1. Local charge sum around D499 (other residues, Cβ-Cβ under 13 Å, Lys/Arg +1, Asp/Glu -1)?
2. If only Cα atoms are counted, what is the Rg of the range 113-271, and what is its Dmax, in Å?
3. Can you give me the C-alpha center-to-center distance between the range 152-226 and the range 551-604, rounded to a whole angstrom?
4. Which residues among the range 653-671 fall inside the zone where the amide N is under 16 Å from a point 7 Å beyond the Cα of E640, along Cα→Cβ?
5. Taking the Cα centre of the chain as the origin and placing charges on Cβ (Lys, Arg +1; Asp, Glu -1), which of T177, Q579, Q632 is farthest toward the positive end of the dipole?
6. Per-residue counts of other Cβ atoms within 10 Å, averaged by peptide: what ranking do you get for 366-373, 31-38, highest first?
7. Using Cβ counts within 10 Å as a stand-in for footprinting exposure, how do I642, I419 rank, fewest first?
8. Please compute the net charge surrounding K104, taking Lys and Arg as +1 and Asp and Glu as -1 over other residues with Cβ under 13 Å from its Cβ.
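We did not get these values from a lab; they are worked out from the coordinates using the rules stated. Quick caveat, the model's predicted, so the values are computed rather than measured. Cβ placement follows ideal geometry from the backbone for every residue including glycine, while neighbour counts extend to all protein chains displayed.
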Amino acid sequence: MVVNQEELLREQLKETFGFSNFRGNQAEIIKNIMSGRNTFVLMPTGAGKSLCYQLPAIIQEGTAIVISPLIALMKNQVDQLNAFGINAQFLNSTLNKTEIKRVKKETLAGEIKLLYVAPESLTKEENVAFLSQAKISFVAIDEAHCISEWGHDFRPEYRRIKSIVEQLGSIPVIALTATATPKVQLDIQKNLQMEDADVFKSSFNRQNLYYEIRPKVDVKKQLIRFVKEHKNKSGVIYCLSRKKVEEIAELLKVNDINAAPYHAGLDASVRMKNQDDFLNEDVDVIVATIAFGMGIDKPDVRFVIHYDTPKSLEGYYQETGRAGRDGLEGKCIMFYSLDDIIKLEKFNKDKPVTERENAKLLLEEMSSYAESSVCRRRQLLHYFGEEYTDSDCTDKGLCDNCSHPKELFEGQEFIKHAIDIALKTEERFGIKHIVDVARGIESQYVKSYDHNTLDVFGVGSSETEVFWRSVVRQTLINEFLEKDIENIGVLKVTAKGHDFLNTPYSIELSKDHDYMVEELESKEEPAGKAHDAELFELLKNLRKKVAKQKNLPPYVIFQDPSLEEMATTYPTSNEDLAQINGVGMGKVMKFGKPFIDLISTYVSDNDLTTASDVVIKSAVNKSKIKIFLIQQIDRKVDLEEIAEIKNMSFDKVLDEIEHICFSGTKLNLDYYIDSFIDEDRQDDLLDYFLTADTDDLEVAMDELEDDGYSEDEVRLMRIKFISEYAN
Ligand code: ADP
Ligand code: MG
Ligand code: ZN
């Protein structure tokens, strides 16, 4: 009988969708919901969750209600089903009265097999009344993690689903999600009152994905280099803001990369076009906010880059999951910086208290993940409640921590202490408390519980907080401790932890990354891309010579960072030279020739290929405000007036002007300066800059402040000086 049913299902699968076999647990899941059991499905993105409710809906009598959070996704699925000749419809705010009437009529007549409903529409009274008259086969709740405020897409309306479904009678429910920590799983089941449900969970491991975290320094250069090394391959770059999306898409475009932006602020038609272009391979790289990707099924995305540090591991995992769906290469690179985390924390400050606390915990998980040197795969899977014991990642170097392992140290004693402290504080505290006790910190909590009198108090007082946090986290990943899912943040000792205390054994731990130090190291010795020290010396000597000839301080010709960049990218034409930071066409014309000659000779003498592909062309100069300023200054508009028009402070206007000027554009501010600073003072200030060793503002103010010069005066004259002598 059972065999028969499975065969029957397979026939249906072939007939309706044209697929020959079920994937993973699909058949079991379908049988389960068809037998009227509540069903809970956890499957990674792209595994084929939709089919688990589509096929039984088609086979069974009546209409299945599908609750899905995104109207765009709904439409997409309905279109696909209609194309297969199945009567599926949706009920949401985009329909007009006549359409709603028709959908209701067809539902009541039992003609519709799948009715997609937005949670907002489901909770409307008139819809509840109508649905309770219809014959409903079952209710499917897609993206079920939206029900939990501990997930990454919390939708308050999802919380009301259960009470509505109850009003419709006793109907089986199937809930599906691609990301859920154990805590979120419990939340979903509790909220839907389906603790009794049969749970079908597939492994979340994506064997073909490579995970890497990089410190967020020189990020634009890193980004361009990476994308150029993956020429003609499809990739997605996620940024946190629309503004950043625009900026990065522009940056890629001026660097000859076929890229397009995607975010909710774009016109729907533009958004659609960019998405289609990406799917059709007219565009290689899509730069997007997290609005992009849900339900998009492009199999050959070869890389996913997180330009900004994401808000949660759930979101991150979901987004990286869009790489390599075809089972081939998929690189997932995330740029991490503590600044980003702090910025994200600030965004949360206006949220209600619990939401803010949750968001904070999610961010803490994010930092821990980034800073840990434990296998990324092991950490990610652990986060989603799965223990990764394979040696595959280590053997094949499928994450940065496995391919460049940090030094290990013997962790037995530390782990013992961590478990011991958790026990002696009665398994009622979180990581911070355990760390405080280990280090012997008399915090308010520690004192109020008298934990400073425990024998374990201060057992690890010679180690830092960072060290201990890392130890406790690794005690968790090794499953000696576990998070209490009822009480967020509280750590309990597992059976494995108790065993370990009784019979401890050797276990290796690794120290966290210290990105501050790693950044410094990488600055001192950038892997393979260091500037050419020999050429740099030659360039400096040339600069000295030219400066002497022109009777100018050397820094006016080119500044050190510009020379370093030349010694990295070997510009041998006017255009290439103008791309160097701090060098504009004006400077190229004025001083460029001998430098280009020197570099050209050097390049041919040493048989070098000019690495023009690592020249990062900057799109920044083109920003709207800068163009606006240049135009206004051309028209001799007062700077105060400009500040007022743009609603900027005078300081900010000067900042922008300096930026324009220091990147090599000549500006004539005489009309303004002459009305503001008298001639003698102008001469004095020019003299100062002509003889100074540096154009540093602080140094200048130290020298000039006592003579009564204001910072505005000095800044204005510095702009004039650079414009006249350097640009
Ligand atoms: P999920 O919702 O789990 O992210 P989808 O339901 O969107 O994934 O399915 C992903 C892709 O897998 C779709 O293109 C779908 O047609 C395909 N698919 C699903 N089940 C099967 C199957 N049994 N055989 C072949 N392809 C399948
Ligand atoms: Mg889906
Ligand atoms: Zn690994």
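1. Numbers: positive: K416, K496; negative: E479.
Once all neighbours under 13 Å are counted, the net charge is +1.
2. 21.6, 62
3. With the range 152-226 and the range 551-604 each reduced to a Cα centre, they are spaced 53 Å.
4. 653-654, 671
5. Of T177, Q579, Q632, it is T177.
6. Details: 366-373: 21.4, 31-38: 18.1.
Final packing ranking: 366-373, 31-38.
7. So the ranking, lowest neighbour count to highest, is I642, I419.
8. +1
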